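Q: Provided herewith is a single structure, encoded as structure tokens, for subsequent inquiry.
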Amino acid sequence: MTLHTFDLLQPIKTRLDNIEISNSKQAELLCRLIPASCPFAREIKFFNHVIAQIPPLCKLNPLYEQLMGLRFRALCYLAECEEQTTNELTNNALAFIWIK
């Protein structure tokens with residue numbers, strides 16, 4: 001007998017995995033909205049001594065992997081755009097120098 005599990009979040013996970021980054025404004029927005037590190041991890045200090053530590057809770061989020069993947073794709077898109085812009089500027093500058 002096999003046990004089948006049903007993941008209610010699978011359609012959302014699939015949709016997040018299938019988001020394509022198509023422009024730099026979209027990529028910048030995603031990078032601003034999705035934090036790079038867990039915002040919930042905290043140290044509670046009393047007179048500069050740590051008395052309690054709240055661990056990061058992000059890995060408990062069932063969509064954590066998809067959100068980190070989406071943020072990574074947005075960062076890669078921005079890096080690729082920057083590289084293309086830099087190459088175009090360099091080529092234009094070299095062409096200008098060559099013409100002179």
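The values are calculated or read from the model by the stated rules, or taken from the named source; none is laboratory data. From a predicted model like this one, the values you see are computed outputs, not experimental measurements. Cβ atoms come from the backbone with ideal geometry, glycine included; neighbour counts cover every protein chain shown.
Q: Would you say K59 is more than 27 Å from C81 (Cα to Cα) and in a strand (DSSP E or B)?
A: no
Q: Within the range 54-62, is there a residue that is in contact with a strand residue (DSSP E or B) (Cβ under 6 Å, 6 or more places away or on another chain) and either modelled with pLDDT under 90 or surrounded by 12 or more Cβ atoms within 10 Å (Cβ to Cβ) (or both)?
A: yes
Q: If you go through the range 35-56 one residue at a time, how many are in a loop (DSSP other than H, G, I, E, B) and either farther than 27 Å from L9 by Cβ or touching a residue at least 40 places away in the same chain (Cβ under 8 Å) (or both)?
A: 2
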